[in-house]
Ligand SMILES: N[C@@H](CC(=O)c1ccccc1NC=O)C(=O)O
Ligand SMILES: [Zn+2]
Ligand SMILES: [Zn+2]
């Protein structure tokens with residue numbers, strides 16, 4: 001079955017949230033002179049690239065990445081194209097028939113994912129859209145944008161609608177080559193103690209016929 005890799009390349013020059021330190025990928029030990037191996041090290045903001053927020057990110061007593069149940073991050077999902085949305089994905093932008101009964105909903109807001117430059121004007125998700133998804137039984141919301149809320153948000157209203165239903169979040173997906181429809185999602189957070197987010201290798205797999 002076909003697999004779509006919907007993850008960003010983690011690399012030193014990748015765009016990160018304004019004010020965050022850059023990603024660093026180091027080589028600490030090199031093959032040669034009696035050393036049999038190359039050994040590297042990475043230093044990256046937890047929200048760099050394609051990642052899963054943990055509840056700890058938006059709730060002081062929220063669960064950390066290491067403590068999150070894995071079930072929301074594996075299973076059937078619906079990918080919806082909302083490139084027609086403006087500043088936020090609003091109720092009228094969503095094909096509610098397409099997401100009816102879905103446990104996982106992923107939004108495509110970009111024609112082409114801005115892999116080389118930071119986009120401060122990304123399309124957010126309106127809080128009432130998240131609330132309606134929650135009421136419909138959705139456990140996970142994903143987006144190709146770097147956040148559910150606008151970059152300048154100080155209230156994180158969409159994240160707090162997620163919190164109200166203990167839902168999970170994927171951000172920074174790369175959905176350029178994926179047609180709208182139903183897939184199997186696999187995107188497991190790393191088991192990082194005390195972390196408010198974790199990088200994920202996110203993929204979509206074609207459902208068995
Ligand atoms: N991907 C993050 C972005 C974010 O909220 C953030 C990341 C780094 C520093 C500050 C952030 N948010 C608010 O100030 C998020 O939306 O969960
Ligand atoms: Zn995040
Ligand atoms: Zn977030």
Note: among 189, 179, just one is in a loop (DSSP other than H, G, I, E, B), within 13 Å of ligand 2 (Cβ to nearest atom) and at pLDDT 95 or above, namely 189
Condition set assigned to a loop (DSSP other than H, G, I, E, B) and touching a strand residue (DSSP E or B) at 6+ places or on another chain (Cβ under 6 Å), scope the range 148-166, selection farthest from ligand 2 (Cβ to nearest atom): answer is 150
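Select the strands (runs of 3 or more DSSP E) contained entirely in the range 1-91, then report the ones holding at least 2 residues which are modelled with pLDDT of 95 or more, within 15 Å of the chain's Cα centre (by Cα) and surrounded by 15 or more Cβ atoms within 10 Å (Cβ to Cβ).
Details: elements: 3-5, 24-29, 39-43, 51-53, 74-81.
Ranges flagged: 51-53, 74-81.
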Flagged in the range 92-137 as within 16 Å of ligand 3 (Cβ to nearest atom) and part of a loop (DSSP other than H, G, I, E, B), in numbering order, are 109, 118, 119, 120, 122, 123, 126
>> Would you confirm whether or not the range 147-158 contains a residue that is surrounded by 16 or more Cβ atoms within 10 Å (Cβ to Cβ), more than 12 Å from ligand 3 (Cβ to nearest atom) and touching a residue at least 60 places away in the same chain (Cβ under 8 Å)?
In response: no
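The values are calculated or read from the model by the stated rules, or taken from the named source; none is laboratory data. The shown structure was predicted, so the numbers you read here are calculated from the model rather than taken from an experiment. So basically every Cβ, Gly included, is an ideal-geometry build from the backbone, and we count neighbours across all protein chains shown.
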